[in-house]
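The values are calculated or read from the model by the stated rules, or taken from the named source; none is laboratory data. Remember, predicted model here, so these are calculated numbers, not experimental data. Cβ sites come from the backbone with ideal geometry, for glycine too, and all protein chains shown count toward neighbours. These accessible areas exclude ligands, DNA and RNA; they are computed on the full protein's heavy atoms, side chains included. Shrake-Rupley method; radii C 1.70, N 1.55, O 1.52, S 1.80 Å.
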Amino acid sequence: MNAGRASAIIASGTMVSRVLGFVKMVVLAAAIGQSGSAAAETFGLANQLPNNVYALVAGGVMSAVLVPQIVRASKAADGGESYVSKILTLGGTVFLLLAAIATVAAPWLVQLYAVSAGDGGLGFTNEQMALATALAYWCMPQILFYAIYTLLGEIYNARGQFGPYTWAPVVNNVVSIAGLGAFILLFGGERVNRAVQVWDADRIAILGIVTTAGVAVQALVLVLFFRKTGMRFRLDFGWRGVGLRATGKAALWLFGIVIIGQIKGVVQSRVASMGEVANIATMQNSWFVFSLPHSIIAVSIAIAYFTRMSHHASESNMAGIRTDLSSALRGVGMLTTISAFAVAVIAVPFARLLDPEFELMLAMAQVIWAFLICLVAFSAEYVIQRVFFALGDTRTPFFYACFGMFVTFALLWAASTLPGEWIIVGTALAVSGANLISCSIWLILVRRKIGPFGFKLIALRHLQYLAFALPAAAAGAATVWAMGGYRPGGFGTLNFAGAITTSLTAGVVIAVIYFGLLYLTRNPDFRATVAIVVGKLRGGRGGGLPPTGTDPA
């Protein structure tokens, strides 16, 4: 499968999943509220704990290490089947034990990630700490299901079968939406459930079961379709051999990166737990909105290119890696630039879908704006890091992560000194500032690693994207203003229908102007993207990205 078709499959699945994920987010807000809701803030903390614990142990390790190892193992006589069986047996055993330990440790994890204010001051109240712990007991088993999903998913990716891994989250979201709908029928909406005091054992159990069931079904989908990889699985507790030691060496540095990332996550969570009005739930949902274009665009392109760059690395084809990196950065930049402006323009009416009051809408919009400052850089950094992982170099990213950790700490400390109502915005700005600095350094590091990769061309294209995005965004903002999307009681902020209509109308205006300018100027990156989409619609015939093999200009 060529990179163009793979990217299209990943992007389409990710887009559907993210749209349904947004629907789930809206239904969850309808059930327990968002900004200003003590229950939403508490659930936000409890539900992020299994993600954090899982990431601490294996978050990026499997993604960055297993794909190259599976690609190499696939050249063995058995096509890598023995290696895969050992990895799945080892991973399943480790994460089953980890899920059990983390569940028992739930009270301590809650205390680690949230500042306790007791009965006064900034932070979680005693009632919120107790509720977060109770919800965490139900959420912690997700660790095992995340592990199964990721382990199997990386095998799918390495074998070029991107569909099941990309589309499994769609099932997760469908199950979650249905379960949250049942929760609302049983216990009412956010006006009833915002207060911590109303949360009894039934509410806690239903919400916990719904949340964890979605992740479990997501993993089950990959189990049921595993035959698509062309492999068979058998339990194999003989964990020596077939490159496991090499995997461990490569994973050691990356494990250090993950630990540093989680340390930053703990500090960020503790700072965010002191926020007022905009809270942890607001920050998480704002990050979800911010990450929509990143997940649909950057991750989709990067995953497809990562597999191809891993093959280039195994063949010592540095020219192919340089060409792929240049192409990926230009394509990602073209789409994330306009995405950042578009989301910024519609942030206020968009927030109406989650918060009913204009003050709360504006609070969420401010957090979204703070995150969007780094969208282009954040996505570019993600692509650049895949180069190092494809080359098996996890040592360089580790040493940089050590430096980045202190930059992040300094910025988060500054955010913690702000008044309570500005802490979440300050936290988002700290994240953006750290990512802007980080991307600048990664550009230097990757050039030293692989040589010139066409940075001048990439920079010129990004300036062109910016020049086209500004008039498009201005027209979009004028549209939102005319439709009352920036004032209380306006059509764009009055209700769901007005908010959706305003956001979609402005989005269409922005897209028509931006892509129209790209078309009129015959931008080659735009034409390549259109070729991918057309190729996908035609069943993948002729829809790939440019072939590798020559250095970019």
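Of Val223, Val217, Val198, Val210, all but one fail to be open to solvent by less than 30 Å² (accessible area, probe 1.4 Å) and at negative phi; the exception is Val210.
Taking the criterion of being modelled with pLDDT of 75 or more and open to solvent by 30 Å² or more (accessible area, probe 1.4 Å), the only residue of region 70-91 that qualifies is Leu90. Considering region 111-132, the residues that are in contact with a Leu (Cβ under 7 Å, 6 or more places away or on another chain) and assigned to a helix (DSSP H, G or I) include one that is modelled with the highest pLDDT, namely Ala132.
Can you tell me which residue within region 182-195, out of those that are part of a helix (DSSP H, G or I) and open to solvent by less than 30 Å² (accessible area, probe 1.4 Å), is nearest to Leu131 (Cα to Cα)? Per the criteria, the residue is Asn193. Kindly provide the set of residues from region 346-367 that are in a helix (DSSP H, G or I) and not small (Gly, Ala, Ser), ordered by number. Hits for region 346-367 are Val348, Pro349, Phe350, Phe358, Glu359, Leu360, Met361, Leu362, Met364, Gln366, Val367.
When the residues of region 384-399 are filtered to those that are at pLDDT below 85 and open to solvent by less than 30 Å² (accessible area, probe 1.4 Å), the one that is nearest to the chain's Cα centre (by Cα) is Arg386. A count restricted to region 304-321 and to residues that are of a type in the set (Ser, Thr, Tyr) and surrounded by fewer than 21 Cβ atoms within 10 Å (Cβ to Cβ) stands at 2.
Is it true that some residue in region 420-439 is touching an Asp or Glu at 6+ places or on another chain (Cβ under 8 Å), surrounded by fewer than 21 Cβ atoms within 10 Å (Cβ to Cβ), more than 27 Å from Met318 (Cβ to Cβ) and not charged (D, E, K, R)? Checking region 420-439: at least one residue is touching an Asp or Glu at 6+ places or on another chain (Cβ under 8 Å), surrounded by fewer than 21 Cβ atoms within 10 Å (Cβ to Cβ), more than 27 Å from Met318 (Cβ to Cβ) and not charged (D, E, K, R). For Val343, the stated conditions do not hold, so it cannot be described as in a helix (DSSP H, G or I), of a type in the set (A, V, I, L, M) and in contact (Cβ under 8 Å) with a residue 60 or more places away in the chain.
Of the residues Leu20, Leu56, Leu49, the single one that is farther than 21 Å from Ala168 by Cβ, in contact with a helix residue (DSSP H, G or I) (Cβ under 9 Å, 6 or more places away or on another chain), in a helix (DSSP H, G or I) and modelled with pLDDT of 65 or more is Leu49. Cβ-Cβ distances below 9 Å connect the following pairs, each with a first residue in region 129-145 that is without any contact (Cβ under 8 Å) to a residue 24 or more places away in the chain, a second residue that is surrounded by fewer than 23 Cβ atoms within 10 Å (Cβ to Cβ), and a separation of six or more residues or different chains: Met129/Pro107; Met129/Gln111; Met129/Ser116; Ala130/Val196. Summed over region 260-280, the residues that are part of a loop (DSSP other than H, G, I, E, B) and more than 13 Å from Leu45 (Cβ to Cβ) give a count of 3.
Let me confirm something: among Phe491, Phe453, which residue is buried (at least 16 other Cβ atoms within 10 Å of the Cβ), aromatic (Phe, Trp, Tyr), touching a helix residue (DSSP H, G or I) at 6+ places or on another chain (Cβ under 9 Å) and touching a residue at least 40 places away in the same chain (Cβ under 8 Å)?
Residue meeting the stated conditions: Phe453.
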